[in-house]
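No value in this document is a laboratory result; all are computed from the given coordinates. These numbers were taken from a predicted model, which means no experiment stands behind them. Glycine also receives a Cβ, built like all others from the backbone with ideal geometry; neighbour counts cover every protein chain displayed.
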């Protein structure tokens, strides 16, 4: 069967140029699929969501030898069952959209596991290439894989690659060129159901023949039906004649163990294909990953390592980022504000105020966060890419159990350090609904990068050289609050229910710096777009409220709003200006600084940091940082909580909970700090 030539015939019949095709990248998590996608598409990629889903969709384009390639990065998935949105999206895209080629990325270091997805992809009758990635990681573990032998065994091309070094990319592009020219043979060796159930499958094949949707291969459909795939079961139940369906249903009830027979056939196929291709390490040989995990996953030592890594991450972020931030404020934004004021010397005073105080004062203060955000994302991106984050989840498993959760909940919670929105979305990996709800309620308590940027901005104003220690202490304290709340909420809402924890620990490997830089670029660009839209808009709104009705700040609409909430603000030592800044952070946490920038402005002598340090005591500054860390989530997070829980009840529970905790904690901190004369 030469499906590669069929591709050319299809292109000619449809009037489609042979020089343009769509390729889908498929693979299990931690295979390096996104690295390959980034290598091929670079900056020419788009990130959104799949229609009707919150699952991220990545697509991009690249040109090679006059060929125009559209690349789709399918969600990482372990199989093509209907157990998760990612699995359904991946298989439906391949079956219904019919990409011209599927490139399956597997790991040479863990070939048995990563070939399971290939055993399902190869049945879909779509042209398939296999990228054998992480050759270097396999070798450091004492594993050698012969790609040619593997290719002969499976019957599809296998391209060895080290994506982290861009090694093998040229060979992949050459294979794609050969595919376009119809020069590759596709003779797949398909996995078979175990012999004791083959007659059952043949009977199902006969019963569904002629009635299944045209884009579903008969062989794949019957296998999924025998596996108990819910989506395929429901589809066939509606399209088959009643008598046939009743016969099939009776067969399925008699052979409930057919799913095991199919899985057994796939594992036999995997073992048969790699038997001659893989040279494993000698018995007793310990690989690099095992040696490192003796320390990283130790019950006590692992926690110490995690604490040190977190501390170093925040220390690097603040130590390098804060001086750059201050330099940007004094050497770039302040002179730009003065320049704008001089250029608008003949303009009406309100125009000058709008540009200098509204735009530069608000958005300009937020843009100085950029160095901190870049360093933070680089540090945590490195930890995730090298494979450490899974170890962090493992050693946190005991603490998670106190809250009725498990280590898997730590991963979405850890995402919260970057942004609470993906943290809430990431809870979909948690199978237990109570555990998922509890994780969603706790996720906004994790200090996101925007909150930590506010912390990094405020702390030096009041604590100078001790700013790093104060910030680290506050962040660790917020995590303790999260832990205690988890215990309480679990007992109140879920009666102390606990769930089991099963999780994969990927092998350690050298990160791909190109992908890391691209990720930092994308997130930084997203932050700047955020600053140029929502934060700029909010800065102008805050400026307008501070100017009207009479041009006097103390009698403005903004002051009236602040004074309305001042009784509550006074508990925390906050005046109306700080209270308004806190309220404005609902739209985006960075708005707190933007609002302060509008309210206090800049002078030729003083920047915002110096102005704040001269206006408020350290006790007030400390209380403001505490309430900012624990205050209600931003609007985007609230929207995602509503979408993921499907309930306003849990959304309001989260908002009210954070409101009570933040005000109570900040009030207590202010009272104690004032009592000791801070």
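D by Stokes-Einstein for the range 622-673, Kirkwood Rh over Cα pairs, 20 °C, 1.002 mPa s: 185 µm²/s. Distance between the C-alpha centres of the range 106-151 and the range 180-247: 25 Å, rounded to the whole angstrom. Ranked by the mean number of other Cβ atoms within 10 Å of their residues, highest first, the peptides 419-426, 252-259 fall in the order 419-426, 252-259.
For the range 49-200, the share of DSSP beta bridges that are antiparallel, to the nearest 5, is 50%. When you count the other C-beta atoms within 10 angstrom of each residue and take the mean per peptide, 172-181, 621-630, 68-77 line up highest first as 621-630, 68-77, 172-181.
Peptides 468-476, 189-197, 233-241 ranked from most to least packed give 468-476, 189-197, 233-241, packing being the mean of other C-beta atoms within 10 angstrom over each peptide's residues. As a proxy for reagent exposure, 521, 648 were ordered by neighbouring Cβ count within 10 angstrom, fewest first; the result is 648, 521.
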